[in-house]
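Report on one structure; see the data block that follows.
All of the numbers you see were taken from the coordinates with simple rules; none came from a lab. Remember, it's a predicted structure, so these values are computed and weren't measured experimentally. Positions of Cβ are backbone-derived with ideal geometry, glycine not excepted, and every protein chain shown enters the neighbour counts.
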Amino acid sequence: MKHFTTLKTLAILVAALPSPLFAQIPESVMVVEAHSGKILVANNASAKRPVASLTKIALAAVTVDWATATSTDLGTTQITVPQTITLVGGPNPMNLQPGDQLSLRDALYSALLGSDNLAALTIADHVGREILTRRGKSDDPVAAFVGEMNQLGKALGMTQTRFANPHGLERPGAKAFSTAADVARLSIYAMRRNAFNFIVRQKDRQVVVTGAAGKRGFRVKNTNELVGEPGILGVKTGTTNAAGPCVSVCMDREPLVRQKPDGSKGATPRRLIVVVLNNPDRFNRARGLIHQGWAVYDPWLESGALVQNREREIINVPNPQ
């Protein structure tokens, strides 16, 4: 009877652990060549799970698209830290306070390189407010921005994804999830944007915040350990208790120049996207998957890039307007 009681107590304690449903899912991985959409490696790639700060890839993609559509200069546009940052919690590396100002570009640097949740919320508040103003509405700006993130996901075919906030922290009652396959789609799309591509490849960046006491500088370091290695261009890391350590990585190779049947030469661009979800050794796992991915892609391309079943073998990532 005592043994039974102990087991029952243990079961209650286990049930109280955060997000046990997702914790039971082993790692998810997806490796895809971005230009052809060829799936090279996939394991649990369609399993729904939290993706932590990989959410900020969508944050930045929506922001860059909005800036392009409205001719907004990321470097000169100043945004204001809202009062609602006090509700976010977590690290505050730049000591952001309500009313502080920084450029939209510097906020993106902090959100993407340093995974700053408060910078992410500040971006969403500003861009969401601008979107609502243009639409003649006065709703919650952050909710409006998250709505744009979900609209982008829908347009990209991310059918197994739902964003609940702009930063990726888990919140009670807010069901947010994605998959390795959907994060790969999102990463392919985001890396087509020059501003995003430039930001995520930086090893570190000096940013400036203006507060009540004047200007202060802060050096943001990229949390992606692979940045700086040959060919690596980013993309983003993320970690929470529920999601586990995650990373999305982009690697370019020099275009492959080959002679066409008509005697002319053509160049085939080569870009690998590697997504690893819930692996404590995410960076070494990503390195291994990069080698594995190229080992599958090169002979496939050399043999004529044949596709027997496009739905199973190819990821198509559109460029929605």
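What the table below lists for this structure:
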{"quantity": "Length-normalised contact order of segment 25-313 in % [C-alpha pairs under 8 Å, at least 6 apart]", "calculated": "24 percent"}
{"quantity": "Helix-derived mean residue ellipticity, 222 nm - over the chain, DSSP H n ≥ 4, -39500 (n - 2.57), to 500", "calculated": "-11500 deg cm²/dmol"}
{"quantity": "Burial ranking of peptide ranges 260-266, 194-200 (average Cβ count within 10 Å, highest at the top)", "calculated": "194-200, 260-266"}
{"quantity": "Whether segment 120-268 is rounded, prolate or oblate, judged on the alpha carbon gyration tensor where a/c under 1.5 counts as rounded", "calculated": "prolate"}
{"quantity": "Distant-in-sequence amide H partners of residue 38 (H built 1.01 Å from N, under 5 Å)", "calculated": "33, 315"}
{"quantity": "The chain: DSSP helices with Cα axial extent of at least 18 Å and average Kyte-Doolittle hydropathy no lower than -1.0", "calculated": "2-15, 55-70, 117-134, 141-155, 282-302"}
{"quantity": "For peptides 67-80, 163-176, sequence by mean Cβ density within 10 Å, most packed first", "calculated": "163-176, 67-80"}
{"quantity": "Long pairs among 38/221; 175/221; 137/236; 154/236; 175/203; 48/221, criterion Cα-Cα beyond 23 Å", "calculated": "38/221; 175/221; 137/236; 175/203; 48/221"}
{"quantity": "Alpha carbon centroid spacing (whole Å) that separates segment 45-83 from segment 163-237", "calculated": "9 Å"}
{"quantity": "Burial order of peptide ranges 180-191, 42-53 (average beta-carbon count within 10 Å, highest first)", "calculated": "180-191, 42-53"}
{"quantity": "Shape of segment 275-321, Cα gyration tensor, a/c cut at 1.5", "calculated": "oblate"}
{"quantity": "HN-Hα J in Hz across segment 231-242 - Karplus 6.51, -1.76, 1.60, θ = phi - 60°, x for Gly and Pro", "calculated": "x, 7, 10, x, 10, 7, 10, x, 8, 9, 4, 6"}
{"quantity": "Summed residue charge, Cβ within 15 Å of residue 52's Cβ, Lys/Arg positive, Asp/Glu negative", "calculated": "+4"}
{"quantity": "Cα gyration tensor shape of segment 25-313, rounded if a/c is under 1.5, else prolate or oblate by comparing a/b with b/c", "calculated": "prolate"}
